[in-house]
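K.L.:
My structure is below; once you've seen it, I'll send some questions.
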Amino acid sequence: MTLVGAPVPRLEGLEKVSGQARYAFERLPAGTLYGWPVQATVCRGRIVAIDRDACLALPGVVGLVTHENAPELTAAGDGEMLLMQSPDVAYRGQVVALVLAETLDTAREAAAALRITYRPSDADVEVVLGTGSPRLYAPEKVSLGFPTDVVRGDVEAGLAEAATTVDVTYSTPAVFNNPMEPHATVAAFADGRLDIVDSTQSTGMVRNRIAALFSLLPDTVRVTAEHVGGAFGSKGSPRPCTVLAVIGTLVTGRPVKVTYTRQMMFSIAGYRNPTISHMRLGADTEGRLTAVAHEAYSHTSTIQEFAEQIAVVTRHMYAAPHLLSTHRVAALDVPTPRNMRAPGECPGAYALESAMDELAVAAGIDPVELRIRNEPGSDPETGSPWSSRNLVDCLRRGADLFGWADRDPRPAVRRDGRFLVGTGVASSVYPALTFPSGARVTALPDGRYRLGINATDVGTGARTVMVQIAADALGAEAACVDVYIGDSDLPAASPGSGSSGTSSWGWAVHKACTELRARLAAGASIPPQGLTVESSTAEDVQAMAPRARFAYGAQFVEARVDLDSGEIVVPRMVGVFAAGRILNARTARSQFLGGMIMGLSMALHEAGVLDRGHGDYANHDFATYHIATNADALDIKAEWLDETDPDVSPLGGKGIGEIGIVGTAAAVANAIWHATGVRVRDLPVQPDALLLAGLPAV
Ligand code: MOS
């Protein structure tokens, strides 16, 4: 019997759809108070006066925390966590006070009654190239420790010798992680122990960060996260609501819960920073790249550096003798941007895969063929062999499925009624990461098993896949395995981020269960309390051979543009992925489709609209910040190749949470160009840009 690979439905599906699953904010320990964050209304400045009277006079208000009475916090490597430690304001929306009250309504009303006077100072909230951004600098490293700049060969010489070149600049706007469940925390401090129920991607990281911040021993802090309603990276490390709930319980001695409104999500949950990518590509007469330059620009806040690894994807993707890849960041008076689904790869591949399309057009080569001609035999960055790389097969299979073969490369020549019609392609890539983890499995005398793995399931199906892996390794039915996840008291395991959860946790589960089965087979007896095995993959992960490990994909898109209104419709998308062994066909398909739809949303809809006067994004709710809905997601197919990669983990699978979004926006924009002949290089592509450029009369 093999459960791994089967389309097993989510184990907690019924609990969720019937409303029985309890999310963090639905917990209500006896005596719970509600905390309401108060946000700064200037984007840079200093608090000069706080009038508390009206706030504190409201019946039911129990406490008010500001910089004047907040507990002192220890720097824990994240400036966003150092809440209310000074009167300085670093961005509009920063939390400057916490109101604690008996009910949510009272807390909200009291927060509105608080009068804070600020002395504002001049703010800088936007990177503008050319005319100057004095705050731009080269960070020491970019995210995940990648080098800021990589130079191979001589890009100028490579461009000079090219038969065809493109020199173009692309931009992506601020886009916002908006999981269905906003961030939420319930914290209770009793008998020297801090209990936190959090909406997080990693209970272990929350425990360690909170312990450091409040100078507590990690053993005295327990964090659980049984159900998490989505994250997209925004719950990858603790956010202010976690810190606020802990402050609240320490100050009042009562359990405190804090959540964000949807509007708050836009400033204190993290977001993808706006990016600018200056791309220069050169190719010889055969379409082989002679040079690639990717110069990336982004912003961070003044309290925490976040330097997104935007140009790193370009270092690994195609063979080119000359390469330049750089990052410059400006520390502005804005909220700190953070990881959002495929940080780095997502905006970086939008630029690279758009530029590849422009190069294909300029060189008169089919864009699928251009990519195939530039397939590197080993990782151009390190020279390491690929653990597996089946990008070419993804492109070929996708082209077949989509019907690419007889495509007319000319733009703006197909009309169907009111619509211009075009097609586009782009490659996808995402690192296949594996981190050390531990698992605990117990055989019980009644024939059941108890599996403990500190995974988090943000809706992906992680819990279900862990049971599939365990049941196979134990030689048991899935129904005989009870699984416990999302608890920092379990053996340490890696965070649910970077598309690394399944391979990292799965390896630990597989290892523990394999050993337990071997012990039972060797005749070990099961005592009344059960026979327990704990695993750790720390040494196994350490011993992995040097390989370049990535998942790949190819995205094909049809776009139709209304000649009169410029409205864009994407009736058809096909994604083919090579992501190692797929461990659950049902939840994997969901992940790929979700990524592709999020990429479609990025291509056509999502944008924070900067209000330069007030230094904030003007649209911070779902009425004005548009996200793709069912009506946008029409015929979308996700397929995967039969690949298995034992170099990533013994299970042979690569991560799939993020790759679906990578390349999608480029494929959409490339299809819009093919439909209209208009190349829009600033996302999202919206009707006004097409109409202003002038749609052809076909
Ligand atoms: Mo994901 S953006 O790596 O949490």
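K.L.:
Any chance you could check the Cα centroid distance between region 574-628 and region 56-123 for me, in angstrom?
P.N.:
Measuring centre to centre over Cα atoms gives 32 Å.
K.L.:
Carbon and sulfur together cover what percent of the accessible area of region 119-223 at a 1.4 Å probe radius?
P.N.:
Carbon with sulfur: 54 percent of the solvent-accessible area.
K.L.:
With every protein chain present, what is the per residue accessible area of region 181-302 (1.4 Å probe, Å²)?
P.N.:
Numbers: 3190 Å² over 122 residues.
On a per-residue basis, 26 Å².
K.L.:
A follow-up question, please. Got a number for carbon plus sulfur as a percent of region 344-432's accessible area, 1.4 Å probe? Intermediate values should be presented prior to the final figure.
P.N.:
Details: 1460 of 3110 Å².
Of all accessible area on region 344-432, carbon and sulfur atoms account for 47 percent.
K.L.:
Using Cα-Cα distances under 8 Å and only pairs 6 or more residues apart, what relative contact order does the chain have, in percent? Walk me through the numbers on the way to the answer.
P.N.:
Details: 1817 pairs, mean separation 112.9, N = 698.
Taking the mean separation of contacting Cα pairs over the length of the chain, I get 16 percent.
K.L.:
Sticking with this structure for a sec: Would you rank H510, H294 by solvent-accessible area, highest first, keeping every protein chain in place and using a 1.4 Å probe? Walk me through the intermediate numbers first.
P.N.:
Numbers: H510 60, H294 0 Å².
Ranked list, largest accessible area first: H510, H294.
K.L.:
Would you list the P(r) distribution for the chain, with all Cα-Cα distances sorted into 20 Å bins from 0 and each bin expressed as a whole %?
P.N.:
18, 49, 30, 4, 0
K.L.:
Next question, about the same structure. Looking at A107, G145, V89, which one has the Cα that reaches farthest to the positive end of the dipole of region 75-168 (charges on Cβ: Lys, Arg +1; Asp, Glu -1)?
P.N.:
Final value for the positive-end residue is A107.
K.L.:
At 222 nm, what helix-only mean residue ellipticity would the chain give, in deg cm²/dmol to the nearest 500, using -39500 (n - 2.57) for each DSSP H run of four or more? Before the final figure, lay out each step's value.
P.N.:
Numbers: 17 runs with 180 residues, N = 698.
Value at 222 nm, helices only, nearest 500: -7500 deg cm²/dmol.
K.L.:
Given +1 on the Cβ of Lys and Arg, -1 on the Cβ of Asp and Glu, and no further charges, what dipole in debye does the chain carry about its Cα centre, rounded to the nearest 20?
P.N.:
Details: 59 positive and 77 negative charges, 164 e Å.
I would put it at about 780 debye.
K.L.:
Sticking with this one: Please report the net charge: other residues with Cβ closer than 10 Å to the Cβ of L28, K and R +1, D and E -1.
P.N.:
Net charge around L28: +2.
K.L.:
Among 362-372, 229-239, 672-682, 210-220, what's the highest-first ranking by average C-beta atoms within 10 angstrom per residue?
P.N.:
Details: 362-372: 19.1, 229-239: 24.8, 672-682: 22.2, 210-220: 16.6.
In descending order of packing, they fall as 229-239, 672-682, 362-372, 210-220.
K.L.:
Once the dipole of region 1-91 is set up with Lys and Arg at +1 and Asp and Glu at -1 on Cβ about the Cα centre, which of T74, Y23, A6 lies farthest towards its positive end?
P.N.:
Most positive-ward Cα: A6.
K.L.:
Could you give the distance between the Cα centres of region 135-184 and region 388-409, to the whole Å?
P.N.:
So the two Cα centres are separated by 27 Å.
K.L.:
Ranked highest first by the average count of other Cβ atoms within 10 Å around their residues, in what order do 88-96, 524-532 fall? If you can, show how the numbers build up before the last one.
P.N.:
Values: 88-96: 23.1, 524-532: 12.2.
Result, highest mean Cβ count within 10 Å first: 88-96, 524-532.
K.L.:
For region 66-174, what does the relative contact order come out to in percent, with C-alpha contacts under 8 Å and a separation of six or more? Could you put the intermediate results ahead of the total?
P.N.:
Values: 44 pairs, mean separation 13.4, N = 109.
Answer for region 66-174 is 12 percent.
K.L.:
Which order do peptides 257-268, 184-195, 22-33 fall in by mean Cβ count within 10 Å, highest first? All intermediate terms of the calculation are to be shown ahead of the outcome.
P.N.:
Values: 257-268: 21.1, 184-195: 19.2, 22-33: 17.1.
My ranking of the peptides, most packed first, is 257-268, 184-195, 22-33.
K.L.:
Could you tally the net charge around P218, taking each other residue with its Cβ under 12 Å from the Cβ of P218, Lys/Arg +1 and Asp/Glu -1? If you can, show how the numbers build up before the last one.
P.N.:
Numbers: positive: R193, R207, R209, R222; negative: D219, D489.
So the environment of P218 carries a net charge of +2.
K.L.:
Further, regarding this structure: Might you tell me the accessible area per residue for region 5-84, computed with a 1.4 Å probe and given in Å²?
P.N.:
Numbers: 3950 Å² over 80 residues.
Here the residues of region 5-84 average 49 Å² of exposed surface.
K.L.:
Restricting to lysine pairs 8 or more places apart or on different chains, what number in the chain have Cα atoms under 20 Å apart? Please list the in-between numbers first.
P.N.:
Working: K16/K235; K235/K257; K511/K654; K637/K654.
The number of close lysine pairs in the chain is 4.
The values are calculated or read from the model by the stated rules, or taken from the named source; none is laboratory data. None of the values given here were measured: they were computed from a predicted structure. In this analysis, Cβ positions are derived from the backbone assuming ideal geometry, glycine residues included, and neighbour counts consider all displayed protein chains. For the accessible areas, the whole protein counts, side chains as well, though only heavy atoms, and no ligand, DNA or RNA atoms are used. Shrake-Rupley method; radii C 1.70, N 1.55, O 1.52, S 1.80 Å.
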